[in-house]
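Data first, discussion second: the structure below is written as structure tokens.
The values are calculated or read from the model by the stated rules, or taken from the named source; none is laboratory data. The structure displayed is predicted, hence computed values, not measured ones. Every residue, glycine as well, gets a Cβ built from its backbone with ideal geometry; the counts of neighbours run over all protein chains shown. Just so you know, the surface numbers come from the protein's heavy atoms only, side chains and all, with ligands and any DNA or RNA stripped out. Shrake-Rupley method; radii C 1.70, N 1.55, O 1.52, S 1.80 Å.
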Amino acid sequence: MSWQAYVDSNLIGSGKVSKAAIIGLKGGVWATSVGFTLSTEEQKAIVDGFKNPDAILASGVRLGGQKFFAVRADQRSIYGKKQLDGAVIVKTTQAVIVTEYLAPLQAPETTPIVEGLADYLISVGY
């Protein structure tokens with residue numbers, strides 16, 4: 001399956017993710033949903049955030065120019081919130097799945113979709 005198919009089918013196609021991208025741990029966007037653009041600085045900050053979760057907890061994370069306050073950050077996952085919307089970001093072996101959900105969607109609907117895809121990608125070496 002292509003990286004774009006994971007974004008289109010597994011994430012956006014689930015109906016539980018509003019925006020999504022897969023970025024490489026070594027840089028570069030592998031796939032993205034229409035209109036979801038992460039700057040080079042945002043991509044680097046996300047990847048670096050997994051090395052220093054406390055910094056993400058202190059300063060939050062920016063996606064597409066929008067700031068999300070971190071409600072959880074560790075070496076695998078970053079969960080963010082911005083008013084009624086949120087973000088679920090999960091690291092795999094070689095990539096990071098970056099997603100946003102827009103109200104009325106909520107974290108308990110989006111999180112299992114993103115974490116599940118991350119588990120699958122890890123199981124196949126990505």
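Of note:
- For T92, the residues whose modelled amide H falls within less than 5 Å of its own, excluding neighbours fewer than 5 places apart on the same chain, are I97.
- Taking a sphere under 15 Å around the Cβ of A103 and counting the other residues whose Cβ falls inside, with K and R at +1 and D and E at -1, yields a net charge of +1.
- For Y101, distant residues with modelled amide H under 5 Å away: S18, G86, A87, V88
- Qualifying GluC sites (Glu not before Pro) in the stretch 43-126, where qualification requires a DSSP coil assignment and no more than 13 other C-beta atoms within 10 Å, are lacking entirely.
- In the stretch 30-101, the alpha-carbon atoms span a convex hull of 84 Å³ per residue.
- Between G24, G60, G35, the GNM of the chain built on Cα springs shorter than 10 angstrom shows G35 fluctuating the most.
- Average accessible surface for the stretch 3-105: 48 Å² per residue, computed with a 1.4 Å probe over protein heavy atoms with every protein chain in place.
- Nearby lysines by direct alpha-carbon distance to K82 (threshold 16 angstrom, same-chain neighbours under 8 apart not counted): K19, K67
- Residue-by-residue Karplus 3J(HN,Hα) for the stretch 58-71, coefficients 6.51, -1.76, 1.60, Hz, glycine and proline x: 6, 10, x, 9, 10, 10, x, x, 9, 8, 10, 7, 7, 9
- Taking the three principal axes of the alpha carbon atoms in the chain, the coordinate ranges are 37, 33, 24 Å, sorted in descending order.
- Close amide H contacts of G64 (hydrogens built in the peptide plane, cut-off under 5 Å, sequence separation of 5 or more or a different chain): S39.
- Accessible carbon and sulfur surface of the chain relative to its total accessible area, %, 1.4 Å: 56
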